[in-house]
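Comments concern the structure below.
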Amino acid sequence: IDTLRGIDTWIPAGKTTAIVGHSGAGKTTFVDLVARLYDCAPGSILFDGRDVRSFSLESLHRSMAIVSQEVWLLNRSVRDNLLFGLERPASDDDLRQALRDVDLADFVEGLLEGLDTEVGDRGVRLSGGQRQRLALARALLRTPDILILDEATSALDSVVEQRVARAIQDRVQGHTLIVIAHRLSTIRDADVV
């Protein structure tokens, strides 16, 4: 069964693009293809006119970050989860700034061991919203060329979501942001819907 058929679209670099549609329409499948989590055949995806398959998976994935509704966290510390996959050094100040950007810094500072507090298997010691914000902070630390948010703020209340959305917009200015969301408040500032 084809999940997506006859898709022809253009996502402008350096802008925010919102992907909308009903449940099961293929929004996540679409961004998974952009990230080349699997190849689309037949058809092609082009980055600046170059077929995505001509890039190595390593170089492609190094240039992007994906945060989905279902967050994957290590059974390690907050620090380890923030640094996971980061290919450059990051100071504690860098980590704290990323946590401030996602409205999680005060919470982490209040933990008994701060950044060194263990989050448990898949982040079980955190709420759903805290897990999502930790994953968002990890993605922002990477300063990716392309940031894909797939219902990445669905567990946040609307007040926190707006603060986090503003911080994300500030951090990714000039980078490509692709957002999948069901709440209109999440996508209202998109350049392209």
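The values are calculated or read from the model by the stated rules, or taken from the named source; none is laboratory data. Since this is a predicted model, take the numbers as computed values, not measurements. Please note: Cβ atoms are built from the backbone with ideal geometry, for glycine as well, and neighbour counts cover all protein chains shown. Remember, those area values only see protein heavy atoms, side chains included, never the ligands or the DNA or RNA. Shrake-Rupley method; radii C 1.70, N 1.55, O 1.52, S 1.80 Å.
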Taking every pair of alpha-carbon atoms in region 131-193, what share in percent sits in each 10 Å bin, from 0 to the bin with the longest distance?
-> 21, 63, 16
Cα-based shape type of region 1-45, given that a ≥ b ≥ c are square roots of the gyration tensor eigenvalues and the cut on a/c is 1.5 = oblate
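Rounded, prolate or oblate, given the Cα gyration tensor of region 118-162, with a/c below 1.5 counting as rounded?
Numbers: a/c = 2.26, a/b = 1.21, b/c = 1.86.
Because a/c hits 1.5 or more and a/b fails to exceed b/c, region 118-162 counts as oblate.
Sorting His22, His182, His61 by accessible area (1.4 Å probe), largest first, what list results? Can you show the working numbers first?
Numbers: His22 130, His182 105, His61 65 Å².
Putting His22, His182, His61 in descending order of accessible area: His22, His182, His61.
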Mind giving me the FRET efficiency for Ser23 and Asp92? R0 is 30 Å, r the Cβ-Cβ distance, nearest 0.05 is fine.
-> 0.15
Cα gyration tensor of region 91-190, axes a ≥ b ≥ c as square roots of the eigenvalues: rounded (a/c below 1.5), prolate (a/b > b/c) or oblate?
-> prolate
When N is the residue count of region 71-123, what does its C-alpha Rg come to as a fraction of 2.2 N^0.38 Å?
-> 1.06
Loop GluC sites (Glu not before Pro), region 37-88 (other Cβ atoms within 10 Å of the site Cβ: 16 or fewer; DSSP) = Glu70, Glu87
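What is the percent carbon and sulfur in the accessible area of the chain, measuring with a 1.4 Å probe over the protein chains and ignoring ligands? Before the final figure, lay out the partial values.
Details: 5270 of 10730 Å².
Whole-percent figure for carbon plus sulfur exposure: 49.
Work out the length of the dipole vector of the chain about its Cα centre, built from +1 on the beta-carbon of each Lys and Arg and -1 on the beta-carbon of each Asp and Glu, and round it to the nearest 20 debye. Before the final figure, lay out each step's value.
Numbers: 23 positive and 29 negative charges, 51 e Å.
Dipole about the Cα centre, nearest 20: 240 debye.
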Taking the Cβ of Leu74 as the centre, find all other residues whose Cβ is under 11 Å away and add up their charges (Lys, Arg: +1; Asp, Glu: -1).
-> +1
Select one label from (i) 11.2; (ii) 12.4; (iii) 14.0: the one whose number is mean projected area of the Cα convex hull in nm² as derived from the coordinates shown.
-> (i)
Inter-probe distance in nm under a simple model that places probes 7 Å from Cα toward Cβ, at Glu118 and Asp157 | 3.1 nm
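Based on DSSP H runs of at least 4 residues, each adding -39500 (n - 2.57), what is the mean residue ellipticity at 222 nm of the chain after dividing by all its residues, to the nearest 500 deg cm²/dmol? The partial results should precede the final answer.
Details: 8 runs with 68 residues, N = 193.
One gets -9500 deg cm²/dmol as the mean residue ellipticity at 222 nm.
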How high is the relative contact order of the chain, in percent, counting Cα pairs under 8 Å that sit 6 or more residues apart?
-> 34 percent
Which distance in nm do the two modelled labels at His61 and Leu74 give, with both placed 7 Å along the Cα-to-Cβ direction?
-> 1.5 nm
Region 1-82, accessible area per residue, ligands and nucleic acids excluded (1.4 Å, Å²) = 62 Å²
Counting Lys and Arg as +1 and Asp and Glu as -1, what is the net charge of the other residues whose Cβ lies under 14 Å from the Cβ of Arg183?
-> -3
Dipole of region 68-193, positive end: most advanced residue of Leu111, Leu82, Ala167 [Cβ charges, Cα centre] | Ala167
Once both axes come from the Cα atoms, what is the angle between helix 128-141 and the longest principal axis of the chain, in degrees from 0 to 90, rounded to 10?
-> 70 degrees
What number, in percent, do you get for the relative contact order of region 1-72 if the mean sequence gap of Cα pairs under 8 Å and at least 6 apart is divided by its residue count?
-> 20 percent
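Could you work out the percent of alpha carbon pairs in region 17-119 separated by over 22 Å, rounded to a whole number?
Details: 2543 of 5253 pairs.
Roughly 48 percent, rounded to a whole number.
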